[in-house]
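Report on the following structure.
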Amino acid sequence: MRPRHLAPLAAGLLGLLATAGCSRHTPLGQARYRTNCGICHHGGEGMLGEIPPLTGRIDQIARTPEGRHYLIDVLLNGLNGPLVANGGRYNFSMPSFRRLSDTEIAAILTYLSASGGRADPPTFQAGDVAAQRGATLGPSRVADERQTLDRLHPMP
């Protein structure tokens with residue numbers, strides 16, 4: 001039997017744990033990032049030469065309509081091939097996350113955008129993802145989209 005004086009402490013700790021990591025941006029995005037993207041991208045810093053970093057880049061890419069379109073395409077269709085991110089060279093293959101719902105993909109992108117430190121980070125809505133879900137691209141075509149975008153708006 002537990003002593004009664006520990007009950008308030010236990011309740012407080014459970015409440016703290018329930019809200020840990022939650023933010024106004026999207027706890028769903030953080031949770032889905034951890035279980036789907038964090039396996040490779042870790043906490044967002046990636047792995048030099050192998051997996052590109054995400055933190056501090058997604059919010060910059062998402063500042064244009066073309067960038068937002070590209071980011072959604074990456075999650076829906078995957079990405080193959082060499083790329084440069086934050087001055088580092090990467091040659092990797094990212095799988096499609098089309099199996100995730102529109103809400104989950106939007107939440108992941110919103111979470112990553114918020115992790116960049118901008119005062120007013122771009123957000124994504126499920127409707128943004130749904131509007132692109134019908135067009136299936138191969139991961140190499142998404143890499144081509146990235147190159148075109150990089151010429152229009154240099155990628156971080």
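The values are calculated or read from the model by the stated rules, or taken from the named source; none is laboratory data. None of these values were measured; they are calculated from a predicted model. FYI the Cβ positions are ideal-geometry reconstructions off the backbone, even for glycines, and counts take in every protein chain you see.
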Under the condition of being at pLDDT 95 or above and basic (Lys, Arg), which residue from segment 90-125 is surrounded by the fewest Cβ atoms within 10 Å (Cβ to Cβ)? Arg99
Has segment 121-143 got any residue that is β-branched (Val, Ile, Thr), assigned to a helix (DSSP H, G or I) and farther than 24 Å from Ala31 by Cβ? yes
Mind listing whichever residues of segment 85-111 are more than 24 Å from His153 (Cα to Cα) and either of a type in the set (D, E, K, R) or in contact with a Cys (Cβ under 6 Å, 6 or more places away or on another chain) (or both)? Arg98, Arg99, Asp102, Glu104
Quick one: count up the residues across segment 53-66 that are in contact (Cβ under 8 Å) with a residue 40 or more places away in the chain and surrounded by 20 or more Cβ atoms within 10 Å (Cβ to Cβ). 6
